[in-house]
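Peer 1: After the structure tokens below, expect a handful of questions from me.
What follows draws every value from the coordinates through simple rules; no lab data is involved. Note that the structure is a prediction, hence the values are computed from the model and not measured. Using ideal geometry, Cβ is built from the backbone for each residue, glycine included, and neighbour counts are taken over all protein chains shown.
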Amino acid sequence: MRKNKALIFILIVMVSIASAQKVKKTNVFTEGETPFSSNMSSELDVNEYIDSTKISPATYDRLKKIKVLVEKESFQQIFDELEAVPKKEMDENPMIYALKALAAMNVKNYPAATTALEQAIANVKDDALNSGLYNMLGYVDMQGDYRISAVQNFKFSHKLDPGNVAPIVMLGAVSMENGNTDDAISYYEKAVKLVPPSNSVWNNLGFLYQGKGRHTEAIAIFDKTIIAIPDKAAFSFNNRAYSKLQIGQAKEALADVERSIEIYPENPYAFRNRALIYIAMSKTDLACADLKKAQALGFEQKFGTEVKELISKYCLKNTK
């Protein structure tokens, strides 16, 4: 079994699972997003993490079938297929337990996921692999609202492999859910040292800085993500615009938000931000036009009543 490839697979899937993490929406996130975003990896090569000399031909064929099912995201079928694998073969290839846990997690069968992860951990002897497994177990605990157990598992995951960014990010997420923004920032500051600016962790740290009014630091983050994540530059331009406005750079903020709208004109938050800039510039008519555009693009359904309140404050009086 080639353990490094196994670890890569587990971490890739963990990032995708983390994107579904239930995190309360707060004003920290200027895009109104949860602090995780990543594409689901459908790559799965059973030869990369299964020792084929320790499984039967029937199990090997089953695992090849699962590769196709992963691409189709047919997770219940994956779980059912893995239920048929003999325990002895799974004990000798504990990453099969990990696959079973992932399938269970994706269909929200968390008790089954917990059992599979505990069985995997009991049979895996590699610290780096177990780091990924404990991180997954912490995520499962979060779904049952077992916060203390989740934090313990995330911390043990980090202890086993300090270079694994996933548990650090998850500890930051738990801190945010508990309203401990300073702790969340501390975790994310550790996380960004382990990943390039192309990773969404950087944007998340920028959001957190904004929530604490640390706009100069937020701008420095978004400077890097704009260069490193060109396909997501619209959001970084928009977020940088908001921070520039907060430190009195309205003209520079306007240039950023207009670039954001040029790249992604369907984002209601960008029009909300440009409206705030126009208000700061005493250009109320332009602000009102943008507020109405944000409203038309569904701002209220996605982010709340702020735009409606701004229209009432700045725009309705203009019609009297």
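Peer 1: Could you give the length gained on full extension between S312 and E252, defined as 0.36 nm per residue of separation minus the Cα-Cα distance, in nm?
Peer 2: Taking 0.36 nm per residue and subtracting the Cα distance, the gain is 18.9 nm.
Peer 1: Can you list the lysines whose alpha carbon is less than 22 Å from that of K313, not counting same-chain residues fewer than 8 positions off?
Peer 2: Correct list for K313: K283, K292, K293, K302.
Peer 1: Given a Förster distance of 25 Å, report the FRET efficiency between S198 and E262 from their Cβ-Cβ distance, rounded to the nearest 0.05.
Peer 2: On the way: r = 22 Å, r/R0 = 0.86.
After rounding, the FRET efficiency stands at 0.70.
Peer 1: Then there's this: FRET efficiency for D223 and K125, Cβ-Cβ distance as r, R0 = 56 Å, nearest 0.05?
Peer 2: Calculated value: 0.80.
Peer 1: At 7 Å along Cα-to-Cβ for each site, give me the label-to-label distance between D91 and T305 in nm.
Peer 2: 6.1
Peer 1: Please say if the stretch 71-166 is rounded, prolate or oblate, where rounded means a/c under 1.5 for a ≥ b ≥ c the square roots of the C-alpha gyration tensor eigenvalues, and otherwise the choice is prolate for a/b larger than b/c and oblate otherwise? Write out the running numbers ahead of the final one.
Peer 2: Working: a/c = 1.95, a/b = 1.32, b/c = 1.47.
The shape class here is oblate.
Peer 1: Only four residue types carry charge here, +1 at the Cβ of Lys and Arg and -1 at the Cβ of Asp and Glu. Report the dipole size of the stretch 216-320 about the Cα centre in Debye, rounded to the nearest 20.
Peer 2: Here the size comes out at about 360 debye.
Peer 1: Assuming R0 = 56 Å, can you tell me the calculated FRET efficiency for the pair I148 and D285, based on Cβ-Cβ distance, to the nearest 0.05?
Peer 2: Plugging the Cβ-Cβ distance into 1/(1 + (r/R0)^6) gives 0.55.
Peer 1: Using a ≥ b ≥ c from the Cα gyration tensor of the stretch 91-147 (square roots of the eigenvalues), is it rounded, prolate or oblate, where a/c under 1.5 gives rounded and otherwise the larger of a/b and b/c decides, a/b for prolate?
Peer 2: oblate
Peer 1: Could you tell me which residue out of Y188, V174, G206 lies farthest along the dipole of the stretch 168-320 toward its positive end? Charges go on the beta carbon: Lys and Arg +1, Asp and Glu -1, centred on the Cα centre.
Peer 2: G206
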